[in-house]
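The block underneath contains the structure these notes are about, expressed in structure tokens.
The values are calculated or read from the model by the stated rules, or taken from the named source; none is laboratory data. If you're wondering where the values come from, they're calculated on a predicted model, not measured in any experiment. Don't worry about glycine lacking a Cβ; one is built from the backbone with ideal geometry, like all the others, and counts go over all protein chains shown. Protein only, heavy atoms only, side chains kept; ligands, DNA and RNA dropped before computing areas. Shrake-Rupley method; radii C 1.70, N 1.55, O 1.52, S 1.80 Å.
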Amino acid sequence: MLKVIAAPGPVSYPMIASTMKNKDIIIDFGKDGSADVILDSTVSLVRRGLRTDYVTIKGLMVVSPDVGKRIGVWRKGSAADVLTRALLDKKGIRGEVVYADEMPRLVEMLNKKEVDSIVIASPFAKGKTFEELLGIPGSCGASVNANHEEFISAYSEGIELMKQDPQGVAEYVAKKLPIQANLQMIVNLPKTTVLTVERLKDNSQFENLVKKYL
């Protein structure tokens, strides 16, 4: 039995997909407690003081269409906010972060020229990833406290299922989530990001970067 605590965002989708075939996975969509595997954004794992053992998604968030001086970001304190402020500082850009309460509002802000760029999930727009711009190891990750091979097998299987049957698996994942999800985002995730299980040996540089902007 593999007990998983997962943020109910894209990081959880491959693990949910894996439960289509593997009934020995229990997923708790919370933030508290201990588990064999904890899935969250790489920023949130650092915020929670957790070790990031694996990168699971690369290229999830993009700055679209390019890095501007007024950047629209969804929610103050979010992973996107932390990385955007780090980016402006590192690039020496005297920019301004403008916050939106809802993700669709970002596109509206860009269209109305209230901002000149936005940070948005890559299934919805093209742009430059934080992996490109800041050299971060990845957007989402896993902290594994049990059998690593069991986690790797389950998550990898979920990735393959998402690639083999994007629509069918997306519908299954959406029904299992505790929040309403955008079906098209789940369908397009394997096409617009890199879904992986990549061992991360040294995360100290990224941890120091994130802690500076929390």
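In table form, for the structure just shown:
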| read-out | value |
| --- | --- |
| Residue in segment 24-39 that is within 14 Å of the chain's Cα centre (by Cα), in contact (Cβ under 8 Å) with a residue 24 or more places away in the chain and assigned by the TED database to the domain that holds I186 present | yes |
| Every residue from segment 186-205 that is touching a Phe, Trp or Tyr at 6+ places or on another chain (Cβ under 7 Å) and of a type in the set (D, E) | E198 |
| Pick from segment 75-102, criterion on the phi < 0 side of the Ramachandran plot and small (G, A, S), ranking: modelled with the lowest pLDDT | G95 |
| Among (1) in contact (Cβ under 8 Å) with a residue 24 or more places away in the chain; (2) within 30 Å of G95 (Cα to Cα); (3) loosely packed, with under 15 Cβ neighbours inside 10 Å, the one test that E207 misses | (3) |
| Residue count, segment 181-191 (criterion: surrounded by fewer than 17 Cβ atoms within 10 Å (Cβ to Cβ) and either aliphatic (A, V, I, L, M) or farther than 15 Å from P8 by Cβ (or both)) | 3 |
| Qualifying residues in segment 157-180 (those that are open to solvent by 30 Å² or more (accessible area, probe 1.4 Å) and in contact (Cβ under 8 Å) with a residue 60 or more places away in the chain) - the one nearest to E102 (Cα to Cα) | I179 |
| Filter pass, L134 being among the hydrophobic types (A, V, I, L, M, F, W, C) and either farther than 18 Å from P8 by Cα or modelled with pLDDT under 95 (or both) | yes |
| Flag if D116 is touching a residue at least 60 places away in the same chain (Cβ under 8 Å) and touching a strand residue (DSSP E or B) at 6+ places or on another chain (Cβ under 6 Å) | no |
| Residues being within 19 Å of V55 (Cβ to Cβ) and assigned to a helix (DSSP H, G or I) - total across segment 180-214 | 12 |
| Residue satisfying all of: in segment 120-156; among the hydroxyl-bearing types (S, T, Y) and touching a residue at least 12 places away in the same chain (Cβ under 8 Å); surrounded by the most Cβ atoms within 10 Å (Cβ to Cβ) among these | S139 |
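Quick grid of which residues meet (1) over 26 Å from V187 (Cβ atoms); (2) at pLDDT 95 or above; (3) not aliphatic (A, V, I, L, M):
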residue: P10; (1), (2), (3): no, yes, yes
residue: I27; (1), (2), (3): no, yes, no
residue: A35; (1), (2), (3): yes, yes, no
residue: S44; (1), (2), (3): no, yes, yes
residue: V73; (1), (2), (3): no, yes, no
